[in-house]
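Please read the structure below before turning to the comments.
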Amino acid sequence: MPDFGILGQPYAEPLRSSIGVNRRREWIILSALMARPNVFISMNAFIDAIWDTDPPRTAREQVMNCLGSVRRAIAASDATGVRLDRVRDGYVFGIHTERIDHVVFSRLHAEAESAKALGRVESSLGLYERALALWRGSAYDGLDVSSFASHAAALEEQRAIAAEEYFALSIATGRGSGVLPQLVRHVGEHPLREHGVALLMAALHGEGRTHDAHAVYARLAHRLGEVLAIGPSIEVRRTLDAILDGTASAGGPGSG
């Protein structure tokens, strides 16, 4: 398992005895480093991450002190092969990227997609499961840092896509009942993601819970009308039609 990560509350297992959980600035700097391993990060990027638009006059010195704390923590730890090197007016976090959770997640997701495209269903399902298991909460959980927002949003979108691909493959192979609790939770967290809603409708119908599938559709239609003044997508409407006319298959949306 990766020992550095941002898929949840940021953590750096080899450094935890040296950098306490309440040292927010050090964790912002560590998170910026983990987000971009082996890449040059300027001093200004660290300053922006900590203070956004209103840094104090001593910002540079304070960042240098925090970076010094991180370097000392690395030196005092058993983090073999981890370095924090000064390069011009910035730093590079040298580390094998397989030690960082979001990098491993992206690799496993890509491998799962490749396996699915090659028809290797069992391998694909296993890879999706391993990828999704790396998440411990929201990306950068506990750090409200505006400069991390776009990366966090991209990671969360990739997570949602991976989850829906996993659910779809599970339903298509007759394992909808096994993922139904996760799928219900996913739609609860992302009520306007229409692909997830269509998958939940199909899974519920496959379990003989057609009434619940209709209710899921009705909730989506109400939310879309209230929030966006639009109706459900073609995919969701086709899923409902297939349920109503009895042509819905075990493969779920789009399987027909």
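Structure data summary
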item: Test item: Cα-centred dipole of the chain, Lys/Arg +1 and Asp/Glu -1 on Cβ, debye; result: 620 debye
item: Gyration tensor over alpha-carbon atoms, the chain, equivalent ellipsoid semi-axes in Å; result: 43, 21, 13
item: The chain, accessible surface, carbon-and-sulfur percent (1.4 angstrom probe); result: 51 percent
item: Calculated from backbone phi, Karplus (6.51, -1.76, 1.60) coupling profile of region 45-61 in Hz, x at Gly/Pro; result: 5, 5, 4, 4, 5, 7, 10, 6, 9, 9, x, x, 5, 9, 4, 4, 5
item: Accessible area per residue in Å² at 1.4 Å probe, computed on region 168-221; result: 45 Å²
item: Linear extension gain, residue 245 paired with residue 129, 0.36 nm per residue minus alpha-carbon span; result: 38.4 nm
item: Distant-in-sequence amide H partners of residue 84 (H built 1.01 Å from N, under 5 Å); result: 94
item: Extension gain (nm, one decimal) between residue 65 and residue 185, 0.36 nm per residue minus Cα-Cα; result: 39.0 nm
item: Helix-only mean residue ellipticity at 222 nm for the chain, each DSSP H run of n ≥ 4 adding -39500 (n - 2.57), per residue, nearest 500; result: -19000 deg cm²/dmol
item: Among 118, 67, 228: highest mean-square fluctuation, GNM of the chain, C-alpha pairs under 10 Å; result: 228
item: Assigned charges on the beta-carbon of Lys, Arg, Asp, Glu; region 1-104 dipole about Cα centre (debye); result: 300 debye
item: Positive-end residue of 125, 139, 152, charge dipole of region 104-156 with Cβ unit charges; result: 125
item: Area accessible to solvent at residue 239, 1.4 Å probe radius, in Å²; result: 10 Å²
item: For region 89-101, 3J(HN,Hα) per residue [Karplus equation, 6.51 cos²θ - 1.76 cosθ + 1.60, θ = phi - 60°, Hz, x = Gly/Pro]; result: 9, x, 9, 10, 8, x, 6, 5, 5, 5, 8, 10, 4
item: Interchain or long-range residues, amide H under 5 Å from residue 139's placed H; result: 8
item: Spin-label pair residue 143/residue 51, simplified geometry with 7 Å Cα→Cβ offset, distance in nm; result: 1.9 nm
item: Antiparallel bridges, percent of DSSP beta bridges restricted to the chain (to nearest 5); result: 90 percent
item: Tail weight of P(r) past 15 Å, computed on alpha-carbon pairs of region 9-105, percent; result: 59 percent
item: Estimated dipole of region 115-177 in Debye, rounded to 20 [Cβ of Lys and Arg +1, of Asp and Glu -1, Cα centre]; result: 300 debye
item: Where region 25-151 is the region considered: accessible area per residue in Å², 1.4 Å probe; result: 49 Å²
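The values are calculated or read from the model by the stated rules, or taken from the named source; none is laboratory data. As the structure is a prediction and not an experimental result, all values here were calculated from the model. Here the Cβ is made from the backbone with ideal geometry for all residues, glycine too, and neighbour counts use every protein chain on show. The protein model used for the area step is the full one, side chains on, heavy atoms only, and it has no ligands, DNA or RNA in it. Shrake-Rupley method; radii C 1.70, N 1.55, O 1.52, S 1.80 Å.
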